[in-house]
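Enquirer: I have a structure here, written as structure tokens, and I will follow up with some questions on it.
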Amino acid sequence: STNNVSTVTATVAPLAEVSTTVVLPANATAGAVVTVTVTYANVGTSTAGEVTGTLIISGPDGTVLATATYTIGSLAPNTSTQRTLTFTVPASGPVNATATITTTTPETSATNNVATTNMTVQAQADLSVVKSVTPSQGTAGGTISYLLTVVNAGPSAAADVTLTDVLPSNMTLVSASS
């Protein structure tokens, strides 16, 4: 008799597909506290093992403002996890957020393992003026001096600042300097 049955044994290799997305506000004011949210996902057919995520926040000159490494461990198929990072917005921008994800499990593609987004920084200056007079009491025909001090408590540089000080009507300007 002839046997028309055969047995084939196949080993199916695990195949994951991890990805990341990063969300940062489109703009923020210098000095504000902002939270960035990163999502790490596995849309593959197998559990992704030894998953690690990173998040780097950098300023306009590439200076690292904040960084985090997340040990996620295993990530089951069709699941995701989120992490957040809070930082203070620098005096100028833009700010860049870059998230990455890695796994030791083979993937269909690694092109979606890095995500980047940018945030515009709105400058904010904090100007104050202090005016002092010497001597504190003037006499008719005498000279008094006013000292005007302008301070910027930031966090951003103040641009195109103009200071105007109006003298009382009974005084005459002798000289001014900056």
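The values are calculated or read from the model by the stated rules, or taken from the named source; none is laboratory data. Computed from a predicted structure; not experimentally measured. As a convention, Cβ positions derive from the backbone with ideal geometry for all residues, glycine included, and neighbour counts pool all protein chains shown. Heavy atoms of the whole protein, side chains included, go into the accessibility calculation; ligands, DNA and RNA do not. Shrake-Rupley method; radii C 1.70, N 1.55, O 1.52, S 1.80 Å.
Enquirer: Could you check THR21 against (1) farther than 19 Å from THR108 by Cβ; (2) in contact (Cβ under 8 Å) with a residue 40 or more places away in the chain and say which number it fails?
Expert: Status for THR21: all satisfied but (1).
Enquirer: Follow-up. Of all residues in segment 41-76, which are of a type in the set (Asp, Glu) and over 13 Å from the mean Cα position of the chain (by Cα)?
Expert: GLU50, the sole residue that qualifies.
Enquirer: Of everything in segment 109-122, what is open to solvent by 40 Å² or more (accessible area, probe 1.4 Å) and in contact with a strand residue (DSSP E or B) (Cβ under 8 Å, 6 or more places away or on another chain)? Give them in sequence order.
Expert: Residues satisfying the conditions are ASN112, VAL114, THR116, ASN118, THR120, GLN122.
Enquirer: State all residues of segment 136-160 that are over 26 Å from PRO90 (Cβ atoms), open to solvent by 70 Å² or more (accessible area, probe 1.4 Å) and not in a strand (DSSP E or B); if no residue qualifies, say none.
Expert: Residues satisfying the conditions are SER136, GLN137, THR139, ALA140, GLY141, THR143.
Enquirer: Collect the residues in segment 123-135 that are open to solvent by less than 70 Å² (accessible area, probe 1.4 Å) and of a type in the set (Gly, Ala, Ser), keeping them in residue-number order.
Expert: Within segment 123-135, ALA125, SER128, SER132 meet the criteria.
Enquirer: Step by step: first the residues of segment 82-102, then only those that are among the β-branched types (Val, Ile, Thr) and open to solvent by 30 Å² or more (accessible area, probe 1.4 Å), then the one that is farthest from VAL22 (Cα to Cα). Which residue is that?
Expert: Only one residue fits best here, namely THR88.
Enquirer: Out of SER177, SER109, report the one residue that is out of contact with any helix residue (DSSP H, G or I) (no Cβ under 8 Å at 6 or more places or on another chain), at pLDDT 85 or above and of a type in the set (Ser, Thr, Tyr).
Expert: It is SER109.
Enquirer: Applying the selection to segment 1-28, what residues are within 11 Å of the chain's Cα centre (by Cα) and either assigned to a strand (DSSP E or B) or loosely packed, with under 10 Cβ neighbours inside 10 Å (or both)?
Expert: VAL23, ALA26, ASN27, ALA28, listed by residue number.
Enquirer: Could you tell me which numbered condition ALA153 fails, if it satisfies all but one of (1) in contact with a strand residue (DSSP E or B) (Cβ under 8 Å, 6 or more places away or on another chain); (2) over 30 Å from THR69 (Cα atoms); (3) of a type outside the set (D, E, K, R); (4) at pLDDT 85 or above?
Expert: Failing condition for ALA153: (4).
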